[in-house]
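The values are calculated or read from the model by the stated rules, or taken from the named source; none is laboratory data. Keep in mind it's a predicted model, so treat the numbers as computed, not measured. Every residue, glycine as well, gets a Cβ built from its backbone with ideal geometry; the counts of neighbours run over all protein chains shown. These accessible areas exclude ligands, DNA and RNA; they are computed on the full protein's heavy atoms, side chains included. Shrake-Rupley method; radii C 1.70, N 1.55, O 1.52, S 1.80 Å.
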Amino acid sequence: MGMKLPRALMWGSLGLIAWTQVGYPLAAAALARRRRYAPRRDEGFTPDVALIIAAHNEEDAIEEQLEHVLRLDYPSERLEVLVALDGSADGTRAAVERFANERVRVLDLPRAGKVSAQNAGVRSTSAEVLAFSDAHSPWEPGSLRQLVRNFADPEVGYVCGKVELDGETDEGLYWSYETWLREHESACGSLTAGSGAIYAVRRSAFVELGPEHSHDIALPFRLRRNGFRSVFEPAAVAREPGRSSAADEWPRKVRMLSRAWSEVLHGGLLDPRGQPPSYVAALVSHRLLRYAAGPLHVILFAASSARAPRDRSARLFLFLQLAYIALALAGRSGAKVPLARAAWYYAVVNAASVAGLARTLTHGPDVTWPRPERKP
């Protein structure tokens, strides 16, 4: 009996990791080919839109972002821009005020977190569509129109655009994979999560959230429960500075995953009520198990180590894990070894899922966010 538990843990954790990383994406791609869901888009649909940018100490980025915003291909009389300052203590307000007019407004708010700033922006407008971006994520000119055209379909409540990373970055392979998977999830009927850099929400579908949440994780499943779909629009593109190393990604990943775990443990992400069974399966496969990949890898290593002295399969799994660790460490050191940087990035992301879970259990999720570092 004593060795049956490690055996079950070894095979169980291995199976769950394989499903979330390989099995589910292949299943989603196959299902997408059968369903091929697409919203009823209308290029001429141009409702009033409020573009809300939450910013904290972004004086070096906000002017460039606003210049891009004012060049968006959308009727100017139907677009207002709200910059919601989350306790900025630098020159961000002065930079925004240089653009202030009937189309651009600034909200100077106390430090309370990104979602609180976004909530304040929503309350200050009556626009039919609420679009959201970050201060360091300029959109391509046609992106807003491409997002909004999806709301011609009354079933659509949330639309997420595509993020492209500038420069050489360890994130590149992951983002290519995630973009591919989002395209197939959308074709299956609804996304399980979006991107905070470029998205829009139908006002009648919008759900005001507490500061411990994040829109990209918390809105899609809540809207699906309320009868709205969340879709991916690859023609709407935002650009972000890629982080040059996985270590640069660590604080953001821990912060993001602490909120993700909060949604799992306290936010009702896995509440099946009002959700199609296929969508619940997607939430478990792509969200819960993806977030749990870090703890599952720890369990797999411990269980295979315990079984290795008397189990050939366990010895093989342990050897493969040790080889992977060596490859990841080579990536950390900058060695020119194929797939080494990707292996290190994967290790950092999974370690962040463990740290994010610990953060949520001990202190709750991170509410505020720092100004991102920009490449020179």
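Going through (1) under 25 Å from the mean Cα position of the chain (by Cα); (2) farther than 30 Å from Arg310 by Cβ one by one, Ala18 falls short only on (2).
Selection of helices (runs of 4 or more DSSP H) fully inside segment 244-359 by the criterion of at least 1 residues being among the small types (Gly, Ala, Ser), open to solvent by 50 Å² or more (accessible area, probe 1.4 Å) and closer than 22 Å to Ala197 by Cα returns 246-265. Anything in segment 158-180 that is surrounded by fewer than 19 Cβ atoms within 10 Å (Cβ to Cβ) and closer than 21 Å to Ser285 by Cα? List them, or say none. Leu173, Tyr174, Trp175, Ser176, Tyr177, Glu178, Thr179, Trp180, listed by residue number. Taken together, the residues in segment 45-101 that are more than 30 Å from Asp153 (Cα to Cα) and not hydroxyl-bearing (Ser, Thr, Tyr) amount to 26.
Can we say Arg229 is open to solvent by 20 Å² or more (accessible area, probe 1.4 Å), modelled with pLDDT of 95 or more and within 22 Å of Ala135 (Cα to Cα)? Full working, then the answer.
On the way: open to solvent by 20 Å² or more (accessible area, probe 1.4 Å): yes; modelled with pLDDT of 95 or more: yes; within 22 Å of Ala135 (Cα to Cα): no.
Judged against the criteria, Arg229 is not a match.
Scanning segment 195-226 for residues that are within 26 Å of Gly142 (Cβ to Cβ), in contact (Cβ under 8 Å) with a residue 60 or more places away in the chain, within 15 Å of the chain's Cα centre (by Cα) and open to solvent by 10 Å² or more (accessible area, probe 1.4 Å) yields a single hit, Gly196.
Per-residue answers, yes or no, for (1) surrounded by 19 or more Cβ atoms within 10 Å (Cβ to Cβ); (2) closer than 26 Å to Lys162 by Cβ:
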position	(1), (2)
Leu85	yes, no
Thr92	yes, no
Arg98	no, no
Ser116	yes, no
Arg123	no, no
Leu130	yes, yes
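Set side by side, the residues Ala61, Ala112 differ, and just one is under 19 Å from Glu140 (Cα atoms), at pLDDT below 95, open to solvent by less than 80 Å² (accessible area, probe 1.4 Å) and small (Gly, Ala, Ser), which is Ala61.
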